[in-house]
Amino acid sequence: MSLTVAIDGPAAAGKGTISKAVAAHFGFSHLDTGLLYRAVGRRTLQGLNPVEAAQTLTAEELEQGDLRTAEIAQAASKVAVVPEVRAALVDFQRAFARRAGGAVLDGRDIGTVICPNADIKLFVTASAEVRAERRFLELEAKGAEVTRDQVLTDVRERDARDSERSAAPMKAADDAILLDTSDLSIEAALAKAIEIIEKVRPTNP
Ligand code: CDP
């Protein structure tokens with residue numbers, strides 16, 4: 001069987017944590033598609049052209065160094081507006097989605113563009129303030145020198161760029177189930193996601 005779960009949503013809404021835990025719970029493979037854009041963004045910070053960077057990206061690069069910095073997040077959202085960059089990353093994501101045993105992909109356009117026929121689509125969201133606070137604590141724990149205000153500005157800027165771009169803008173698919181995690185602990189959000197997937201998942205796929 002190849003069951004595909006698409007989990008989209010804005011920055012720091014909790015989709016990464018939920019996706020990872022859902023994959024572990026059901027035994028599915030997990031792809032954080034944000035890492036693809038982050039790896040391309042990092043290459044542009046090193047001076048490479050974004051389209052060339054996307055076309056020559058290797059899976060190994062996703063494992064190298066820390067891609068989850070604020071600087072790379074900004075660079076990622078800038079390369080993500082370029083249609084040729086997005087196009088270069090489509091095949092890899094679609095092949096991953098068809099993995100035997102099931103796959104969870106999280107990003108911005110999984111339910112709308114990459115896997116419009118996904119078996120289950122979730123759109124995970126939360127208020128910008130709650131998301132910024134979560135991301136601030138994450139970055140602070142890693143020793144990054146950032147302020148709450150900087151992180152909130154970063155989150156808002158990326159939200160605007162991600163939802164206003166013309167190539168695959170971030171939005172919930174018409175058939176996505178909305179999961180607002182503003183007032184939920186991570187455990188509660190995960191329990192909800194699992195409950196939703198259990199309901200939709202074919203019992204004998
Ligand atoms: O973890 P966080 O939600 O902050 O970001 P991410 O998922 O790692 O994505 C980083 C950036 O990549 C986003 O701000 C988007 O601009 C871009 N992205 C995208 O355009 N499409 C995706 N499927 C995933 C990420």
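Could you say which residue among 67, 48 is within 15 Å of the chain's Cα centre (by Cα) and not in a helix (DSSP H, G or I)?
Going through 67, 48 in turn, the sole match is 67.
Does residue 19 count as in contact (Cβ under 8 Å) with a residue 24 or more places away in the chain, more than 14 Å from the ligand (Cβ to nearest atom) and polar (S, T, N, Q)?
no
Any idea which residue in region 63-88 is nearest to residue 135 (Cα to Cα), counting only those that are among the acidic types (Asp, Glu) and either within 14 Å of the ligand (Cβ to nearest atom) or surrounded by 19 or more Cβ atoms within 10 Å (Cβ to Cβ) (or both)?
Checked region 63-88; the qualifying residue nearest to residue 135 (Cα to Cα) is 71.
Which count do you get for residues in region 9-25 that are surrounded by fewer than 22 Cβ atoms within 10 Å (Cβ to Cβ) and out of contact with any helix residue (DSSP H, G or I) (no Cβ under 7 Å at 6 or more places or on another chain)?
Qualifying residue count for the region: 4.
When residues of region 136-190 are filtered for being surrounded by 14 or more Cβ atoms within 10 Å (Cβ to Cβ), closer than 24 Å to residue 119 by Cα and not acidic (Asp, Glu), how many remain?
13
Go through 112, 153 for me and flag whichever is within 17 Å of the chain's Cα centre (by Cα), among the hydroxyl-bearing types (Ser, Thr, Tyr) and outside any loop (DSSP other than H, G, I, E, B).
112
Taking residue 101 and the conditions (1) in a loop (DSSP other than H, G, I, E, B); (2) over 20 Å from residue 21 (Cβ atoms); (3) modelled with pLDDT under 95, which numbered condition does it fall short on, given that it satisfies the others?
Single failed check for residue 101: (2).
I'm told residue 124 meets every condition in (1) in contact with an Asp or Glu (Cβ under 8 Å, 6 or more places away or on another chain); (2) assigned to a helix (DSSP H, G or I); (3) open to solvent by less than 10 Å² (accessible area, probe 1.4 Å) except one. Can you identify the failing condition by its number?
Of everything listed in (1) in contact with an Asp or Glu (Cβ under 8 Å, 6 or more places away or on another chain); (2) assigned to a helix (DSSP H, G or I); (3) open to solvent by less than 10 Å² (accessible area, probe 1.4 Å), residue 124 misses just condition (2).
For region 34-62, name all the residues that are open to solvent by 50 Å² or more (accessible area, probe 1.4 Å) and within 15 Å of the ligand (Cβ to nearest atom).
The one that is open to solvent by 50 Å² or more (accessible area, probe 1.4 Å) and within 15 Å of the ligand (Cβ to nearest atom): 45.
In this structure, is residue 137 in a helix (DSSP H, G or I), farther than 26 Å from residue 24 by Cα and of a type outside the set (Ser, Thr, Tyr)?
Criteria not met by residue 137.
Can you find a residue that is without any contact (Cβ under 8 Å) to a residue 40 or more places away in the chain, farther than 21 Å from residue 140 by Cβ and not hydroxyl-bearing (Ser, Thr, Tyr) anywhere in region 25-36?
Yes, there is a match, as at least one residue in region 25-36 is without any contact (Cβ under 8 Å) to a residue 40 or more places away in the chain, farther than 21 Å from residue 140 by Cβ and not hydroxyl-bearing (Ser, Thr, Tyr).
The values are calculated or read from the model by the stated rules, or taken from the named source; none is laboratory data. These figures come from a predicted structure and were not determined experimentally. In this analysis, Cβ positions are derived from the backbone assuming ideal geometry, glycine residues included, and neighbour counts consider all displayed protein chains. Remember, those area values only see protein heavy atoms, side chains included, never the ligands or the DNA or RNA. Shrake-Rupley method; radii C 1.70, N 1.55, O 1.52, S 1.80 Å.
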